[in-house]
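Student: Structure provided below as structure tokens; questions to follow.
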Amino acid sequence: MIRKTSAMVEAGILAAIAIVMALISMYVPVLGAFVNFVWPLPIVICGARHGLKWSIMTLLVATIIIAMIMSPVNAFFLAAIFGLLGLILGECMRRHLAPMQLMAFGTIGGIIALVLNIVLSFVVLGIDPINMMFTSFDESLVQLAAYYREHGMSEADIKTSIDSYKEMLRMMKIIMPGAFLICAPIMAFINYICAKKILTKLGDSFANFPPFIMLKVPQWVLWPYFLSLLAVTYFYQTDQSSWMYAAAVNVQTVCSFSLVFQGIVLIYWYVETKNKPRWWANIGTALMFMIPLFSQVIVYVGAFDMVFDFRKIRNRR
């Protein structure tokens, strides 16, 4: 009875924290973007400490009150996207699964949540969230063109600039599925690390990830990467409106992200094993976000590490 009362009190407190975090994500512009990513934390902690039943109750209570305070749409999106991820991570942490296994389940849960969110948006709400987002981007381009005219930019320069932004938005729309796949493990990792720190302070213990410099991406990633390169090159010259072109671009995006991760791991491994200053690797990682050509170099570095195994940690075949 005492344990049940304790679980009920903790579930209520965690539901209140989830509601406050939802308000911050709605009304605080910069901080809200980060809070959205860690919104599942109260659900994860409740599930890890008291089980799936209590985490579901926490999610339901938080969703109902958020719908009453803010809007049913906001509550719907939070519960559909982040709630499911929180339930899965909480149950995995309660079972003390290995970190890599937990990341696999969390990633699958994140992907299912994102897909479920889009499907339910069509079926229940009758809206297309992706088109709504890109429609707002198109409207902002009109405002941007007006801003350029007010500051004396020529029409030719304005057209060149707007066309480049339109091309960027077109590519963003194509790679949206790949972006969802990349976003899912990032969300799972952030929430797991934050929940682990909190639960460790509360007396629980969890296994650690392997050392960062020993992480490795499966070698089979190279095959879809090179095949997608060939497909993108072919369809770019023949038919960019084809669904096969879009599929190839998304496969290339996801594989490139994996290879970039492998390249970053190799850079930090080299810096650590050769006793070089760590800021070398930090600058190398930062340059990847500032110089597109450098990020492509990192992709090739990751690919070569998969082939030649510079760290000598892969099984010989």
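Student: First measure r as the distance between the Cβ atoms of ILE198 and PHE261, then evaluate 1/(1 + (r/R0)^6) with R0 = 25 Å and state the FRET efficiency to the nearest 0.05.
Tutor: Numbers: r = 26 Å, r/R0 = 1.04.
Working from the Cβ atoms, E equals 0.45.
Student: Then there is this: Could you please report the charge total around TRP280, scoring K, R as +1 and D, E as -1 over all other residues with beta-carbon less than 12 angstrom from its beta-carbon?
Tutor: It works out to a net charge of +2.
Student: Just to be sure I understand the model, the point goes 7 Å from the Cα along the line to the Cβ. What's the resulting ALA286 to LEU215 distance in nm?
Tutor: Modelled inter-label distance: 2.1 nm.
Student: Ok, one more. 7 Å from Cα along Cα→Cβ at both LEU230 and ALA67: what's the point-to-point distance in nm?
Tutor: In this crude label model, LEU230 to ALA67 measures out at 5.1 nm.
Student: With θ taken as phi - 60° and the coefficients 6.51, -1.76 and 1.60, list the Karplus ³J(HN,Hα) couplings across region 191-203 in order, rounded to whole Hz; mark glycine and proline as x.
Tutor: Each residue of region 191-203 in turn: 5, 5, 4, 5, 5, 5, 5, 5, 5, 5, 5, 8, x Hz.
Student: Still on this structure: So, for the chain, what is the accessible surface per residue at a probe of 1.4 Å, expressed in square angstrom? Kindly include the intermediate steps, with their values, before the conclusion.
Tutor: Values: 18270 Å² over 317 residues.
It amounts to 58 Å² per residue over the chain.
Student: Got a sec to turn the phi values of region 214-221 into Karplus ³J(HN,Hα) couplings, 6.51 cos²θ - 1.76 cosθ + 1.60 with θ = phi - 60°, whole Hz, x for Gly and Pro?
Tutor: Those phi angles translate into 9, 5, 9, 8, x, 5, 5, 4 Hz.
Student: In the set (1) 38, 23, 19; (2) 27, 22, 20; (3) 36, 30, 19, which value of semi-axes √(5λ) of the Cα gyration tensor in Å was calculated from the structure you see?
Tutor: Derived directly from the coordinates: (3).
Student: Of all the accessible heavy-atom surface of the chain, with the other protein chains kept in place and a 1.4 Å probe, what percent is carbon and sulfur?
Tutor: Numbers: 13030 of 18270 Å².
Reported share for carbon and sulfur atoms: 71 percent.
Student: Let me ask something else about it. Which residue, GLN296, PRO40, SER164, has the largest displacement toward the positive end of the dipole of the chain when charges sit on each Cβ (Lys, Arg +1; Asp, Glu -1)?
Tutor: PRO40
Student: If you don't mind, there's one more thing I want to ask. Across region 235-240, in residue order, what do the Karplus-derived ³J(HN,Hα) couplings come to in whole Hz, using 6.51 cos²θ - 1.76 cosθ + 1.60 with θ = phi - 60° and x for Gly and Pro?
Tutor: Listing the rounded values in order: 6, 5, 8, 10, 8, 6 Hz.
Student: Taking the alpha-carbon centroid of each part, what is the distance from region 264-285 to region 5-37 in angstrom?
Tutor: Going from one Cα centre to the other spans 37 Å.
Student: Let me ask you something else. At ILE24 and THR160, where each label point lies 7 Å from the Cα along Cα→Cβ, what is the point-to-point distance in nanometres?
Tutor: 4.5
Student: Assign unit charges at the C-beta atoms only (+1 for Lys and Arg, -1 for Asp and Glu), then state the dipole size of region 1-114 relative to its Cα centre in Debye, rounded to the nearest 20. If you can, show how the numbers build up before the last one.
Tutor: Working: 6 positive and 2 negative charges, 69 e Å.
That gives region 1-114 a dipole magnitude of about 340 debye.
Student: So how do 199-208, 298-307 stack up, highest first, on mean other-Cβ count within 10 Å?
Tutor: On the way: 199-208: 11.5, 298-307: 19.1.
Averaged packing, sorted descending, gives the order 298-307, 199-208.
Student: Any idea how many Lys pairs in the chain come in under 28 angstrom at the alpha carbon, given 8 or more places apart or on separate chains?
Tutor: So the count works out to 15.
The values are calculated or read from the model by the stated rules, or taken from the named source; none is laboratory data. Every value quoted in this text rests on a predicted model; they were computed, and no experiment measured them. Virtual Cβ from ideal backbone geometry, glycine too; neighbours counted across all protein chains shown. The area values use the complete protein model at the heavy-atom level, side chains included, leaving out ligands, DNA and RNA. Shrake-Rupley method; radii C 1.70, N 1.55, O 1.52, S 1.80 Å.
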